[in-house]
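Have a look at the structure below before the remarks.
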Amino acid sequence: AFANRHASADRLARESCEIEINRCGEPIGKQDQYAAAFGGLNFIQFNPDDSVHVEPIICKRETVEQLQLQSLVFYTGITRRAANVLAQQQSALAGEKKKRDITKKMVELAQSLRRELQENRATSFGEIIHEGWLLKKTLARGITSGAIDGWYEKARAAGAVGGKLLGAGAGGFLMFVAPPEKHEAIARALKLRRMDFRFETQGSKIIFVHE
């Protein structure tokens, strides 16, 4: 924008991946770049030929609002370098067929979640991401820890239907899905910093141009 050039969301995402993954050599995925560039509720498919397909999930506004009301996020206070955690996961996937089968099940869960949202059934969201988190924990050591598992179980005991650690693992932010009336009980049980957040619908955009 500073150079008076327009870049589409797809170009922003592709060039961000080129910089981070290829030029900087980070062993990371592409989901963050595409989510940030496009915004909204999408089903993002990463293909074997390195192409990426972004499909908006069409559902009622009430369904998205229900998801927003049910979701809550906490900061664990644990920082980590995502590249280290992801390198362990890649190594595990390369060497074990069982781990690759687990990732296939996780893909199937994502497809199930898309169908549920398209049919405006937000109630199963928590159950599906809970199942996905249980699978992800088995991929590699370092994804979770005793402290993280403890917080997760406390949240479940306080009324959370499901949840997951956002990002690579080992730290960062915990997301939960729970009936709104259970949110305060979950917050009291965890004693972690609760984050105020809203779903972003527009993605990356220019907010200021210096004349």
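The values are calculated or read from the model by the stated rules, or taken from the named source; none is laboratory data. None of these values were measured; they are calculated from a predicted model. No Cβ is skipped: glycine too gets one built from the backbone with ideal geometry, and neighbour counts run over all protein chains shown. To get the accessible areas, we keep the full protein, side chains included, count just its heavy atoms, and leave off ligands, DNA and RNA. Shrake-Rupley method; radii C 1.70, N 1.55, O 1.52, S 1.80 Å.
Details
- The conditions of being more than 17 Å from the chain's Cα centre (by Cα) and open to solvent by 30 Å² or more (accessible area, probe 1.4 Å) are not met by ARG114.
- Of all the listed residues (PHE176, PHE208, PHE197), the sole one being among the aromatic types (Phe, Trp, Tyr) and open to solvent by 80 Å² or more (accessible area, probe 1.4 Å) is PHE208.
- One residue stands out in region 76-108 among those that are farther than 24 Å from ALA155 by Cβ and outside any helix (DSSP H, G or I): the one that is modelled with the lowest pLDDT, namely ARG81.
- Matching residues, region 6-15, being surrounded by 17 or more Cβ atoms within 10 Å (Cβ to Cβ) and over 28 Å from GLN118 (Cβ atoms): none
- Looking only at residues in region 23-32 that are farther than 23 Å from GLY203 by Cα and open to solvent by 80 Å² or more (accessible area, probe 1.4 Å), the one that is modelled with the lowest pLDDT is CYS24.
- Residue count for region 130-169, restricted to those that are part of a helix (DSSP H, G or I), open to solvent by 20 Å² or more (accessible area, probe 1.4 Å) and among the hydrophobic types (A, V, I, L, M, F, W, C): 5
- Scanning region 33-64 for residues that are touching a residue at least 12 places away in the same chain (Cβ under 8 Å), charged (D, E, K, R) and either surrounded by 15 or more Cβ atoms within 10 Å (Cβ to Cβ) or not in a helix (DSSP H, G or I) (or both) yields GLU55, LYS60.
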